[in-house]
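Reviewing the structure listed below.
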Amino acid sequence: MAAKLEFGLDTFGDVTTGPDGQLKAHAAVIRDVVDEAVLADQLGIDFIGLGEHHRADFAISSPEVALAAIAGRTERIHLGSAVTVLSSDDPVRVFQRFATLDAVSGGRAEVILGRGSFTESFPLFGYRLDQYETLFEEKLDLFAALISQEQVSWQGTTRAGLTNQRVFPPVETGRLKTWIGVGGSPESVVRAARYGLPLMLAIIGGDAKRFRPYVDLYHRALAELGQPGQPVGVHSPGYVADTDDKAREELWPDYKRMRDRIGAERGWPPMGRQEFDQEAERGSLYVGSPETVARRIAATVKALGADRFQLKYSAGPLPHDKLMRSIELYGSKVIPMVRDMLA
């Protein structure tokens, strides 16, 4: 575990309800996300991650643009994606956009690359789903070459090759911090190690401790491949309120709405309250009072030897004012408690 454990927040820009109970416009949600990130910066939270989606229930399709707006209103918080769907984007353009973000933010940009758990971007940008694996493997290979900031020569089947090509702007600080987001496949863990890139584990259900073998595999693969040690992060959903009962009662209706909507697309049965409570008590849903959430985060960090914990704080239509209160409690109470517990 790193000397300084880092704490982050993640959001997909979930479309929230306003004071009138109606869903807000996407533009209003994006402005709210900027305000949420400004609060996180004021509280000393280390990182804010914005997810890329291309569907009606999430407002953010271009994380880098929203992150640039956040950069202009913040001073120290690191700014990244959660995740960038590299498979359906162009690695050169992704690198250029994040290098530009790094410039305007004074060296605070990070990118978390992943395949994403939704597939809307593939038909939208003209990519075939039967190339799902090949697209990610090839584009990650090119991106890994780009972050070296040397002249790049590369050949693949999914885009035009490059010959002794420089890409601009260069990253002023030397190297763009690039994570690989992994949902639980050993192949993805080893791939992150092969490129010597930090690992971000998306743990969205079940006991987080079951991911320990992936962490061990990652460190073993880094060593065997002669790569230096790299940080491991955890991304999981959660919500903080003044008491355990208040947190669960506030989160439950909106969390269920989000979970059931996505579940219906994927053939999952509707979520029952018992499943929700089980996840809150023993799974990967960090919901409760500051003390409860801190205790559960500390246990996960300890079990996995994590260097960063990122709380996915938005949950379906859960309103902006409740998200702001949750962020406030996370930054002012949860994080200091976790540090004390692990000291």
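The values are calculated or read from the model by the stated rules, or taken from the named source; none is laboratory data. This is a predicted model, so every value here is computed, not measured. Here the Cβ positions follow ideal geometry from the backbone for every residue, glycine too, while neighbour counts run over all protein chains shown. The area values use the complete protein model at the heavy-atom level, side chains included, leaving out ligands, DNA and RNA. Shrake-Rupley method; radii C 1.70, N 1.55, O 1.52, S 1.80 Å.
Tally up the residues in the stretch 199-218 that are out of contact with any Asp or Glu (no Cβ under 7 Å at 6 or more places or on another chain), in contact (Cβ under 8 Å) with a residue 60 or more places away in the chain and either assigned to a loop (DSSP other than H, G, I, E, B) or farther than 20 Å from LEU50 by Cα (or both), please.
Within the stretch 199-218, residues that are out of contact with any Asp or Glu (no Cβ under 7 Å at 6 or more places or on another chain), in contact (Cβ under 8 Å) with a residue 60 or more places away in the chain and either assigned to a loop (DSSP other than H, G, I, E, B) or farther than 20 Å from LEU50 by Cα (or both) number 9.
Given the criteria acidic (Asp, Glu) and surrounded by 16 or more Cβ atoms within 10 Å (Cβ to Cβ), does GLU138 qualify?
yes
Go through the stretch 185-220 and give me each residue that's of a type in the set (Asp, Glu) and out of contact with any Lys or Arg (no Cβ under 7 Å at 6 or more places or on another chain).
GLU187, ASP216
Of LYS246, LYS302, which residue is open to solvent by 60 Å² or more (accessible area, probe 1.4 Å), in a helix (DSSP H, G or I), closer than 21 Å to GLY181 by Cα and among the charged types (D, E, K, R)?
Only one candidate qualifies: LYS302.
Please work out which residue is surrounded by the most Cβ atoms within 10 Å (Cβ to Cβ), limiting yourself to the stretch 141-173 and to residues that are part of a loop (DSSP other than H, G, I, E, B) and in contact with a Gly (Cβ under 9 Å, 6 or more places away or on another chain).
It comes out as VAL171.
Select, from ARG55, ARG31, the only residue that is closer than 18 Å to SER121 by Cβ, modelled with pLDDT of 95 or more and of a type in the set (D, E, K, R).
Sole residue among the options that is closer than 18 Å to SER121 by Cβ, modelled with pLDDT of 95 or more and of a type in the set (D, E, K, R): ARG55.
When LEU199 is evaluated against the numbered criteria (1) open to solvent by 70 Å² or more (accessible area, probe 1.4 Å); (2) touching a strand residue (DSSP E or B) at 6+ places or on another chain (Cβ under 9 Å), which criterion, by number, is the only one it fails?
(1)
Scanning for something crowded, with 19+ Cβ neighbours inside 10 Å, within 20 Å of the chain's Cα centre (by Cα) and part of a helix (DSSP H, G or I), does the stretch 261-268 turn up at least one residue?
Scanning the stretch 261-268 turns up no residue that is crowded, with 19+ Cβ neighbours inside 10 Å, within 20 Å of the chain's Cα centre (by Cα) and part of a helix (DSSP H, G or I).
Contact list please: Cβ distance under 7 Å, first residue in the stretch 186-198 and in a loop (DSSP other than H, G, I, E, B), second residue surrounded by fewer than 22 Cβ atoms within 10 Å (Cβ to Cβ), pairs at least six apart or on different chains.
Matching pairs, first to second residue: TYR195/ALA144; GLY196/GLN227; GLY196/PRO228; GLY196/GLN230; LEU197/GLN230; PRO198/GLN230; PRO198/PRO231.
Out of the stretch 105-133, which residues are among the charged types (D, E, K, R) and assigned to a helix (DSSP H, G or I)?
Those that are among the charged types (D, E, K, R) and assigned to a helix (DSSP H, G or I): ASP130, GLU133.
Could you tell me which residue of the stretch 305-328 is surrounded by the most Cβ atoms within 10 Å (Cβ to Cβ), considering only residues that are in a helix (DSSP H, G or I) and over 20 Å from the mean Cα position of the chain (by Cα)?
Selected residue: LYS322.
With respect to the numbered conditions (1) part of a helix (DSSP H, G or I); (2) β-branched (Val, Ile, Thr); (3) open to solvent by 10 Å² or more (accessible area, probe 1.4 Å), which one is the sole condition not fulfilled by THR74?
(1)
Which members of the stretch 89-127 meet the condition of being within 19 Å of the chain's Cα centre (by Cα), farther than 22 Å from GLN42 by Cα and open to solvent by 10 Å² or more (accessible area, probe 1.4 Å)?
ASP89, ARG97, ARG115, GLY116, SER117, PHE118, THR119, GLU120
Pick from the stretch 222-243 the residues that are open to solvent by 10 Å² or more (accessible area, probe 1.4 Å) and assigned to a helix (DSSP H, G or I): which of them is farthest from SER326 (Cα to Cα)?
GLU224
Check off (1) out of contact with any Leu (no Cβ under 7 Å at 6 or more places or on another chain); (2) farther than 25 Å from PHE47 by Cβ for LEU176 and give me the number that stays unchecked.
Unmet condition: (2).
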